[in-house]
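Quick notes on the structure that follows.
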Amino acid sequence: MKLSPLLLGFTVFASLAHAQSLSDAEIKKLLAQVHEKLVASPNLQADFQEEKVSHFLNKPLVSSGRVWFRMPNKFRREMKGASQTVAVSNGHDFWIYFPNSKSTQHFTLGKNSPVDAAITAMTTALNLENVESMYQVSATKADRGSELQLAPRTPTGKRIFQRFVLQMSSDLFVRRTEMIKPNGDRIATTYSNQSRAKIPDSTFEFTPPPGTSTSNPLGR
């Protein structure tokens, strides 16, 4: 079926009205509003559902869990299901615990290792502080909030992902993110039940359970 020129024009106009590009000044204002929220309440927690699409997988891998974050660099991410993992960072140490195999990996942060870059990418959705120094930022305004598109500036960042799309609600909670990797694989994450309530300090500490084997993949 062919669209009439009038209907086609209306469709294009409606699309442009739905997603209006933000100017550099508007982007800075939006990021400043996010910063004010984080300063007022540096804690954030939410449930999430994640879908991984990879050329290594026959079908998308769907998992769910919960994440806790405190500015600037403390977080805990618990993944449920068959791929159950617990990832914890207190800002100095990063632990990944695999309950099914009773094994743990430990990394020391702050040494400009690939792990530091990976954690920065992992927490981008939760912490937009200084985001313009690490990424080229563009944004559009939609009916239910804003959509940011981030492109890494550094070679290390470009090796982790090509583009990061972040959908934010009008009350500045992240609703959905999509990370597109250099090889075309993607990870889409949807967040729900967000809260800025205070999080206990113990949430960001981790001690391997008895009987757990621990390795240091980077040897430091």
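The values are calculated or read from the model by the stated rules, or taken from the named source; none is laboratory data. Note that the coordinates shown come from a computational prediction; the quantities given were computed from them, not determined experimentally. Because the Cβ atoms are built from the backbone with ideal geometry, glycine has one as well, and the counts that use them run over all protein chains shown. With ligands, DNA and RNA removed, areas are computed over all heavy atoms of the protein, side chains included. Shrake-Rupley method; radii C 1.70, N 1.55, O 1.52, S 1.80 Å.
Note the direction-averaged projected area, equal to a quarter of the hull surface, for the Cα convex hull of region 136-181, in nm². Before the final figure, lay out each step's value.
Numbers: hull surface 12.4 nm².
For region 136-181, the mean projected area of the Cα convex hull comes to 3.1 nm².
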Greater than 20 Å apart at Cα, pairs in Lys37/Lys198; Lys52/Lys74; Lys80/Lys102; Lys29/Lys141; Lys74/Lys111: Lys52/Lys74
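Where only protein heavy atoms count, and the probe is 1.4 Å, what is the accessible area per residue for region 21-116 in Å²? All intermediate terms of the calculation are to be shown ahead of the outcome.
Details: 5340 Å² over 96 residues.
Spelled out: the 1.4 Å probe surface of region 21-116, per residue, equals 56 Å².
What trypsin sites (Lys or Arg not before Pro) in region 68-142 are in a loop by DSSP, with at most 14 other Cβ atoms within 10 Å of the Cβ?
Listed in order of number, the matching sites are Lys80, Lys102, Lys111.
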With every protein chain in place, the chain: carbon and sulfur % of accessible area (1.4 Å): 55 percent
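For region 39-95, what is one quarter of the convex hull surface built on the Cα atoms, given in nm²?
Numbers: hull surface 19.7 nm².
Spelled out: convex hull of the Cα atoms, projected over all directions, averaged, 4.9 nm².
When only Cα pairs under 8 Å and 6 or more residues apart are kept, what is the percent relative contact order across region 40-112? Please list the in-between numbers first.
On the way: 132 pairs, mean separation 13.7, N = 73.
Here the relative contact order equals 19 percent.
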Pairwise FRET efficiency - Glu132 versus Glu36, Cβ, R0 = 22 Å, nearest 0.05: 0.85
For region 157-170, Karplus couplings with θ = phi - 60° (6.51, -1.76, 1.60), whole Hz, Gly/Pro x: x, 5, 6, 7, 8, 8, 8, 10, 9, 10, 9, 10, 6, 5
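Over region 78-147, what is the relative contact order in percent, taking alpha-carbon pairs closer than 8 angstrom and at least six residues apart? Don't jump to the answer; show the numbers that get you there.
Values: 58 pairs, mean separation 10.1, N = 70.
Once normalised by length, the contact order is 14 percent.
Which value, in debye to the nearest 20, gives the size of the charge dipole of the chain about its Cα centre, when Lys and Arg are +1 and Asp and Glu are -1 at the Cβ?
Numbers: 27 positive and 18 negative charges, 68 e Å.
With only Lys, Arg, Asp and Glu charged at Cβ, the dipole is about 320 debye.
Against the globular-protein guess of 2.2 N^0.38 Å, express the Cα radius of gyration of region 159-220 as a ratio, rounded to two decimals. Write out the running numbers ahead of the final one.
Details: Rg = 17.4 Å, N = 62, 2.2 N^0.38 = 10.6 Å.
Its radius of gyration relative to the 2.2 N^0.38 Å reference: 1.65.
Just from its helices, what would the mean residue ellipticity at 222 nm be for the chain, if runs of 4 or more DSSP H residues each count -39500 (n - 2.57) and the sum is divided by every residue, rounded to the nearest 500 deg cm²/dmol? Provide the component values of the computation, followed by the final result.
Numbers: 5 runs with 50 residues, N = 220.
Computed ellipticity for the chain at 222 nm equals -6500 deg cm²/dmol.
Could you tell me what fraction of 2.2 N^0.38 Å the Cα radius of gyration of region 97-184 comes to, as a two-decimal ratio?
Rounded to two decimals, the normalised Rg is 1.25.
With helices defined as uninterrupted DSSP H runs, which ones in the chain have an alpha carbon span along their own long axis of at least 15 Å and mean Kyte-Doolittle hydropathy of at least -0.5? Display every interim value, and only then the final one.
On the way: long enough: 5-18 (20 Å, 1.56); 24-40 (24 Å, 0.05).
Result, helices passing both filters: 5-18, 24-40.
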Most mobile listed residue (Pro208, Pro152, Pro200) in the chain, GNM with C-alpha springs under 10 Å: Pro200
Asp116 accessible area, assembled protein chains, probe 1.4 Å, Å²: 40 Å²
Where N is the number of residues in the chain, Cα Rg divided by 2.2 N^0.38 Å: 1.14
Heavy-atom accessible area ranking, 1.4 Å probe, most first, across Asp143, Asp185: Asp143, Asp185
Spatial separation of Cα centroids for region 182-220 and region 46-101, in angstrom: 5 Å
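Fully extended, how many nm does the chain gain between Ser169 and Asn100 (0.36 nm per residue separation, minus their Cα-Cα distance)?
Values: separation 69, 0.36 × 69 = 24.84 nm, distance 3.60 nm.
Fully extending the segment from Ser169 to Asn100 adds 21.2 nm.
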